[in-house]
Amino acid sequence: GQNQGNKVRWWSWPVGGGAELQRLNLADILTAAGGAFMKRVVPYDETLSTEMAQQFALDLTNLAPGLPPAFYMGHPAMCEALNQAALGLGVAVSRGVKSIKVQPGERPEISYQLDGAVTTLRPRLIVGADGRNSVVRKQIGVPEQKDPPHNLLGGILVEGETDWVMDDIAVGTEGDVHYLIFPQGGQRLRLYLCFDFAERARFTGLDKARNWLDAFRLDCLTHAEQIAACTPIGPVHSYSNEDHWTDQPTVPGVVLIGDAAGHVDPITGQGLSIGLRDVRQVSEILAGEDWRQAAFAPYVEARMERLRRLQVAARFAANAPAGAPMWKAIHRQPRPAWWAPMPCRPNVLNKAASTPCWRLRSEMIGRRALERRSARRHSSPSRVWCVPEIAGGRRRIRLGGRAG
């Protein structure tokens with residue numbers, strides 16, 4: 001692979017991915033290299049006071065019994081830690097390879113150029129894990145499908161003295177932006193923004209770093225002025241976020257994993273969770289004797305179902321623009337063809353759980369009662385309801401919907 005430098009990428013995963021991290025015996029390797037388990041997600045948002053946002057913070061240390069909280073680590077440091085761990089186990093790691101050519105088949109072939117010399121290998125199996133713009137995927141003829149872009153997402157690494165709690169992630173919306181803050185240890189923070197294509201010019205040009213920091217002068221955000229006064233120590237880059245997938249990530253002699261096999265909108269923060277599950281499932285198959293394409297059918301089936309579910313969540317979160325009141329976002333027209341009820345803007349689930357008018361109760365609010373309440377307030381041919389409930393001491397959101 002190639003050293004990708006300080007690109008604007010982050011990896012975080014909640015309890016499921018943390019479990020895969022432990023099963024693969026990678027947790028100690030990555031925490032030693034700077035990765036950290038976050039303890040809380042605080043929904044600092046325009047609909048909440050600071051006190052209420054902290055009251056409704058999600059405790060990540062108690063999501064599920066026996067499982068770790070959300071893990072966070074920057075992409076360059078993670079890649080380097082895994083490369084060094086592989087070298088320590090005797091794996092040959094080649095960086096700077098070019099002109100990769102893959103020929104699938106019962107006995108596949110791969111060739112590449114490194115330092116001017118061409119190397120050809122004929123392994124029993126090729127595992128393509130070369131990212132979103134996978135050369136392997138293109139060369140073996142696996143078609144990739146994708147949604148139209150939902151919006152733009154990007155970030156910047158900054159450094160400076162702040163009073164930010166380094167165990168807290170913050171997620172929220174104010175005005176026309178959806179923001180995310182991930183501590184990096186020391187005095188460093190990763191600052192992410194999700195915004196509409198109409199705002200692209202605001203975050204390009206010579207002043208893009210300054211404009212990015214100024215966007216964090218949010219009334220809802222604690223220590224906003226300190227954050228905005230930080231110094232950028234990395235590039236600013238934004239990219240469109242949408243779902244990409246492959247219906248069949250295997251051919252004879254080649255298996256695709258990770259982003260090469262498809263990825264969901266990064267607004268869900270599930271990229272590495274998916275990749276870790278892919279690694280474990282494929283590794284378990286490789287522990288057996290049968291490496292034919294048919295042997296990977298359970299992996300393909302499980303992956304397709306996992307992405308299908310995550311795509312529903314991602315589209316729900318990203319398809320409606322930010323900047324509108326929650327119910328206008330929920331009922332916004334026109335409706336997408338794939339789901340009758342309209343999705344809402346990025347952090348509507350936090351809003352539904354934390355807006356005072358919902359009055360969280362220990363018992364579940366009946367669907368009919370909530371639908372009647374919605375109908376009285378909003379006239380719409382389709383409805384979405386978000387039902388707050390408390391179960392086992394943990395706050396959850398129950399979603400439902402009905403067309404017509």
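Where a number appears in this text, it was derived from the coordinates with a stated rule and is not lab data. It should be emphasised that the depicted structure is a prediction, and the values quoted were computed from it without experimental measurement. Note that each Cβ is placed from the backbone with ideal geometry, even for glycine, and that neighbours are counted across all protein chains shown.
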message = Under the rule of at least 5 residues apart or a separate chain, name every residue whose amide H is placed under 5 Å from the amide H of Val254.
response = Gly105, Ile126
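May I ask you to derive the FRET efficiency for Val97 and Arg280 from their Cβ-Cβ distance with R0 = 30 Å, giving the value to the nearest 0.05?
0.70
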remark   = Sequence order, region 78-83: Karplus ³J(HN,Hα) from phi using 6.51 cos²θ - 1.76 cosθ + 1.60, θ = phi - 60°, Hz rounded, Gly and Pro as x, gives 5, 4, 5, 5, 5, 4
ask   = Shape call for region 126-220 from the C-alpha gyration tensor, a ≥ b ≥ c root eigenvalues: rounded (a/c under 1.5), prolate (a/b greater than b/c) or oblate?
value = prolate
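Can you figure out the FRET efficiency of Glu301 with Leu114, using R₀ = 30 Å and their beta-carbon distance, to the nearest 0.05?
After rounding to 0.05, the efficiency reads 0.25.
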key: Segment Asp219-Asp196, length gained on full extension (0.36 nm per residue, minus Cα span)   = 6.3 nm
FRET E, pair Leu206, Ala32, Förster distance 35 Å, beta-carbon r, rounded to 0.05 = 0.35
query = So which aspartates and glutamates pass the test for Lys98, namely a Cα distance under 15 Å, with those fewer than 8 places away in the same chain ruled out?
reply = Asp115, Asp130
ask   = So what's the gap between the Cα centers of region 133-174 and region 23-90, to the nearest angstrom?
value = 15 Å
Protection proxy ranking of 153-164, 102-113 - average other beta-carbon atoms within 10 Å, highest first = 153-164, 102-113
request  = Quickly work out the Tyr239-to-Lys138 label distance, labels modelled 7 Å from Cα along the C-beta direction, and quote it in nm with one decimal.
outcome  = 1.4 nm
remark   = Going residue by residue through region 304-313, the Karplus relation 6.51 cos²θ - 1.76 cosθ + 1.60 with θ = phi - 60° gives ³J(HN,Hα) values, rounded to whole Hz and with x marking Gly or Pro, of 4, 5, 5, 5, 4, 5, 5, 5, 4, 5
ask   = Which cross-chain or sequence-distant (5 or more) residues have an amide H under 5 Å from the amide H of Ala70, H modelled 1.01 Å from N in plane?
value = Met38
ask   = HN-Hα J couplings of region 214-219 from phi, Karplus 6.51/-1.76/1.60, θ = phi - 60°, integer Hz, Gly and Pro as x?
value = 4, 5, 8, 7, 9, 5
query = Under a point spin-label approximation (7 Å from Cα along Cα-to-Cβ), what is the Asp290-Thr231 distance to one decimal in nm?
reply = 6.0 nm
